[in-house]
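Please treat every number below as a calculation from the coordinates, not as lab data. Note that the coordinates shown come from a computational prediction; the quantities given were computed from them, not determined experimentally. Positions of Cβ are backbone-derived with ideal geometry, glycine not excepted, and every protein chain shown enters the neighbour counts.
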Amino acid sequence: MNMRLESDSIGEKEISDSAYYGVQSARAKENFPITGRQLRPEFICNLAQIKKAAALANHEAGTLDYQRMQAIVQACNDVISGKLHEQFIVDPIQGGAGTSANMNANEVIANRAIEYLGGQKGEYSLVHPNDHVNMSQSTNDVFPTAGKLTALDLTKPLLLQLYALKEALEDKAEELKDVVKIGRTQLQDAVPESFGQTFGAFANMVGRTAERIKSSEKELCSLNLGGTAIGTGINTTPVYRRRVTPILSKLTGHRLTSAPDQMDATQNLDCFVSVSGALKACAVSLSKMCNDLRLLSSGPRAGLGELLLPAMQNGSSIMPGKVNPVIPEVVTQVCFAVVGNDAAITMAAEAGQMELNAFEPVLFDRLFDSLEEMANATETLTVNCISGIKADQNHCRMLLEAGTGTATALTPFIGYCKAAHLAKKALKTGEPFTELARRESGLSDEQLQKML
């Protein structure tokens, strides 16, 4: 294997001639063997979009010549199209506030740009990772900007899946609107409701959750790009600062703006806490719904058994014929993970000191996981569970008539005390409450039928 010798402030290091990354990426790979994963493809593409926007803005400002700008833009386009992603070798969780990820991008883009100018990888006099690719930038504005863009990219599919789930729940509410069941509070018989009302409430919850997540997107569109190290804009030009965000906005299709206070935007990560908080609220609500689905489908013979969930796979290696509610179970587990990720995100956002937060790498890693896994979980819940749910109408009617929940409906007509007496008697004798009410309430069959 042919090698080239590269150096940085630490010293010299041999790098494979075939590698587009350089010495700083190689050191980072050795220093941070944490997850064994690469940076997300979306994050890599967004780093390249930022480098492309910076090259264009620097050329407009007169600080980057046309030939180098063109070569850098071509190299960025390669990365954006999915090429060279294997050259991004640093771990997502890393020390240094994301410097390793930023330098990995700088080195890969520089070496590809060098080739476009007819040179060999490592000939940094042609295109330098710091002097040219990273011109007018700092990790401290590039890395958080890439994080915001990636969060925006991952929020879109989640919202689409949540809207699809809401629609499926609304369809199920319409389908089951005439199936009446007993409602339960504290797991005890309460009052009658229809499955139309049950699924309608689920749908409204999902819709509200989606809107909460969508409203958090606005904060992600406010960038500190151009603020460089701490938000003061050191080592930039006025033209660059004015142009880089509009150029990036056009490249990505997002409505991006420059933060009104870039020092604030550099040192504070509360916008990510807001997004994660909305995700946690989503997780809590979906988990509650999935618990309800599991309870309502329990049995099928010795449980509530009011709902029939689609049978997706064998449920046991020892118990023949057993089928488990595997889709609500997996969604609930994803919800647990999202709540845990939110705790890590909260701690990472709180742990910043002075003018910078060094803990964005773990924050982004957990936030991206939450967004992607929640989208995937929501999709399987819609497709493999909600759409195929059926209700056992006869069983629902039997439980409704056997229980005492309908006593509440008689209270306005026969009084609380008499209704309570009938309910207690029905529980003691085992006689269906509706039969007892017909005999002892003093109401006609027609009146009872209308009330119950």
For the stretch 3-135, size of Cβ-based charge dipole, Lys and Arg +1, Asp and Glu -1, in debye: 300
Counted neighbours (other Cβ, 10 Å), sorted fewest up, put C76, C282 in the order C282, C76
Quick check: the distance between the Cα centres of the stretch 391-440 and the stretch 163-239, to the nearest angstrom? 37
No solvent, one uniform scatterer per C-alpha: report log10 I(q)/I(0) for the stretch 144-291 via the Debye equation at q = 0.12, 0.21 1/Å, two decimals. -0.63, -1.22
A chain fully extended from E372 to Q197 at 0.36 nm per residue, minus the present Cα-Cα distance, gains in nm 60.0 nm
Mind grabbing the base-10 log of I(q)/I(0) for the stretch 52-203 at q = 0.18, 0.20 Å⁻¹? Debye formula, identical points on the C-alpha positions, no solvent, two decimal places. -1.06, -1.21
Sorted by mean Cβ packing within 10 Å, highest first, what order do the peptides 124-136, 104-116, 79-91 take? 104-116, 124-136, 79-91
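Short version: what are the Cα gyration tensor semi-axes of the stretch 266-315, square root of 5 times each eigenvalue, largest first, in whole Å?
Result for the stretch 266-315: semi-axes of 38, 11, 6 Å.
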Rg/Rh of the stretch 317-426 (Cα atoms, Kirkwood Rh), to two decimals, equals 1.29
Cα long-axis angle, helix 139-175 against the chain (0 to 90 degrees, to the nearest 10): 20
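May I have the convex hull volume per residue, in Å³, for the Cα set of the chain?
Measuring per residue, one finds 183 Å³ for the Cα hull of the chain.
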For helix 326-350, what angle does its Cα long axis make with the longest principal axis of the chain, in degrees from 0 to 90 and rounded to 10? 50
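Per 0.36 nm of contour for each residue apart, how much would the distance between D131 and T257 grow if the chain were fully extended, relative to their Cα-Cα spacing?
Net length gain for the segment: 42.8 nm.
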So, R0 is 51 Å and r is the distance between the beta-carbons of N394 and N268; what FRET efficiency does that work out to, to 0.05? 0.30
Take D178 and V239, extend 7 Å from each Cα along the Cα→Cβ direction, and tell me the distance between the two endpoints in nm. 7.3
Distance in nm between Y416 and E211 label points, each 7 Å along Cα→Cβ, equals 3.5
Please find the FRET efficiency linking A358 to L187, where r is the Cβ-Cβ separation and R0 is fixed at 41 Å, and quote it to the nearest 0.05. 0.30
Among the GluC sites (Glu not before Pro) within the stretch 395-452, which fall in a DSSP loop and have no more than 13 other Cβ atoms within 10 Å of their own Cβ? none
Spin-label proximity, K29 to the stretch 46-89 - amide N less than 13 Å from point 7 Å beyond Cα toward beta carbon: 85-89
Full extension between R439 and E14 adds, at 0.36 nm per residue less the Cα distance, a length in nm of 143.6 nm
C-alpha center-to-center spacing [the stretch 271-346, the stretch 108-122] in angstrom: 50
Residues M205, M312, M69, M103 in order from fewest to most other beta-carbon atoms within 10 Å are M312, M205, M69, M103
Viscosity 0.890 mPa s, temperature 25 °C, Stokes-Einstein D of the stretch 403-451 from Kirkwood C-alpha radius, µm²/s: 235
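Express the C-alpha Rg of the stretch 197-242 as a ratio against the empirical globular expectation 2.2 N^0.38 Å, rounded to two decimals.
Relative to the rule-of-thumb radius for its length, the stretch 197-242 sits at 2.12.
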With T = 20 °C, eta = 1.002 mPa s and Kirkwood Rh from C-alpha pairs, the Stokes-Einstein D of the stretch 3-135 in µm²/s is about 147
Which of H395, A407, S441 sits closest to the plus end of the dipole of the stretch 350-445, meaning its Cα is farthest towards the positive end, when Lys and Arg get +1 and Asp and Glu get -1 on the C-beta? S441
Treating the angle as unsigned and between 0 and 90°, give the value, to the nearest 10°, between the Cα long axis of helix 238-252 and the longest Cα principal axis of the chain. 50
FRET efficiency, V323 to E401 (Cβ-Cβ, R0 25 Å, nearest 0.05): 0.35
